[in-house]
Amino acid sequence: MSLEGYFPSDRELLSVRGKDAADYLQRVLTCNLKTLQPGKFIPGALLTGQGKLVAFFDLYQQADGGYTLAVPSGCAETLAARLERYVFSEDVVVEPREAIVLELLASGPPFEPIPEPGRYCDFALDGLPARLSALAPGYYRLELVRMPSEFAPAPLEAERFEAWRIEQGLPAWDKELNDNLIPLNLGIDGAISHDKGCYTGQEVISRATFVGHPAQELVGLLAEEPLKAGTELTLNGDYVGLVTSTSYSETRQASIGLARTRWRKAKPGERVQAGEREVGVVGLPFAP
């Protein structure tokens, strides 16, 4: 068993409960709650009527019939306020849930049983309830009431976790994603169901998906010199995108980054200008 370590998560937990919670969330969220199964969670998002992103999250069903949303902290308060705003006569209560949330990088964390990607398991750790969610192979989220007296995983440096996130092509709030974007092709397409029927912003998403195309997409960058977030990307003098995240990859011995680019204007294999230097465009996730 190879355990890399843990990093404090940027996720906060919101609880949505009440006898109308299921119908209410099904009407407003991009994901299809009918696909939830015991031990499974699904990605989702809330959009404005113009199709712009309010927040993205992972959605769990609680034992009491309510729901838990694991939301990036940068948009958790806005999401709670927006969900409450849409409640009229429904029996729905939205409130924060206290927990310590960690991200784990491990080929097999020291907890049993280990769930498959897209699933979770509840267990006791130090005599207290805990939840382990498998986000992807080797990538887990651990929810705790408090840190145990003995904890095998070691803390990871923020830069190391950031390099891993970039190589996996995982978007972060206020970097790759914000509330001024229609989030298609920006790393959370799995949060959008195209066969569930209506939800807030659905018309805009359907039009961009089936009639036109997304305005932007997420790509990786590889450079010999350090990259800086916020740098504009150009190709033949034309603006094609913006660097959103940067780090240094020890495994590649190179600077890496993520960028939002105009649709099909910076393709993997091409080289573009990042300020005064030339960088390579790569597909996501980065090749092993």
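Mind checking which residues of the range 183-194 are free of Cβ contacts under 8 Å to residues at least 24 places away in the same chain and within 14 Å of PHE56 (Cβ to Cβ)? Lay out the reasoning, then the answer.
The first filter runs over the range 183-194 and keeps only residues free of Cβ contacts under 8 Å to residues at least 24 places away in the same chain, leaving 189, 194.
The answer is ASP189, and nothing else.
From the list GLY197, GLY212, GLY169, GLY237, exactly one residue is touching a residue at least 12 places away in the same chain (Cβ under 8 Å) and of a type in the set (Gly, Ala, Ser). Which is it? Show your work before the answer.
Working: GLY197 fails: touching a residue at least 12 places away in the same chain (Cβ under 8 Å); GLY212 fails: touching a residue at least 12 places away in the same chain (Cβ under 8 Å); GLY237 fails: touching a residue at least 12 places away in the same chain (Cβ under 8 Å).
After applying the criteria, what remains is GLY169.
Can you find, within the range 139-163, the residue that is nearest to the chain's Cα centre (by Cα) among those that are of a type in the set (Lys, Arg) and closer than 14 Å to TYR6 by Cβ?
Within the range 139-163, the first condition is being of a type in the set (Lys, Arg), and the residues that meet it are 141, 146, 160.
From what is left, the residues that are closer than 14 Å to TYR6 by Cβ are 141, 160.
Numbers: ARG141: 12, ARG160: 18 Å.
Checked the range 139-163; the qualifying residue nearest to the chain's Cα centre (by Cα) is ARG141.
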Matching entry among LEU128, LEU181, LEU132 (being more than 30 Å from PRO288 (Cβ to Cβ) and either touching a helix residue (DSSP H, G or I) at 6+ places or on another chain (Cβ under 8 Å) or not β-branched (Val, Ile, Thr) (or both)): LEU128
Just checking, how many residues over the range 96-136 are within 19 Å of the chain's Cα centre (by Cα) and modelled with pLDDT under 90? 1
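A quick yes/no check of all residues on (1) of a type in the set (Gly, Ala, Ser); (2) farther than 14 Å from GLY51 by Cα; (3) out of contact with any Lys or Arg (no Cβ under 6 Å at 6 or more places or on another chain); (4) not in a helix (DSSP H, G or I):
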| position | (1), (2), (3), (4) |
| --- | --- |
| PRO183 | no, no, yes, yes |
| LEU186 | no, no, yes, yes |
| SER193 | yes, no, yes, yes |
| ARG207 | no, no, yes, no |
| VAL219 | no, yes, yes, yes |
| LEU242 | no, yes, no, yes |
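Looking at ALA81, ALA45, ALA63, which one is of a type in the set (A, V, I, L, M) and surrounded by 17 or more Cβ atoms within 10 Å (Cβ to Cβ)? Don't jump to the end; show me each part of the working.
Numbers: ALA81 fails: surrounded by 17 or more Cβ atoms within 10 Å (Cβ to Cβ); ALA63 fails: surrounded by 17 or more Cβ atoms within 10 Å (Cβ to Cβ).
Result: ALA45 is the single residue among ALA81, ALA45, ALA63 that is of a type in the set (A, V, I, L, M) and surrounded by 17 or more Cβ atoms within 10 Å (Cβ to Cβ).
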Inside the range 69-116, the number of residues satisfying the requirement of being in a helix (DSSP H, G or I), within 18 Å of ILE42 (Cα to Cα) and among the acidic types (Asp, Glu) is 0
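The values are calculated or read from the model by the stated rules, or taken from the named source; none is laboratory data. All figures in this text were calculated on a predicted structure; none of them were measured in a lab. Here the Cβ is made from the backbone with ideal geometry for all residues, glycine too, and neighbour counts use every protein chain on show.
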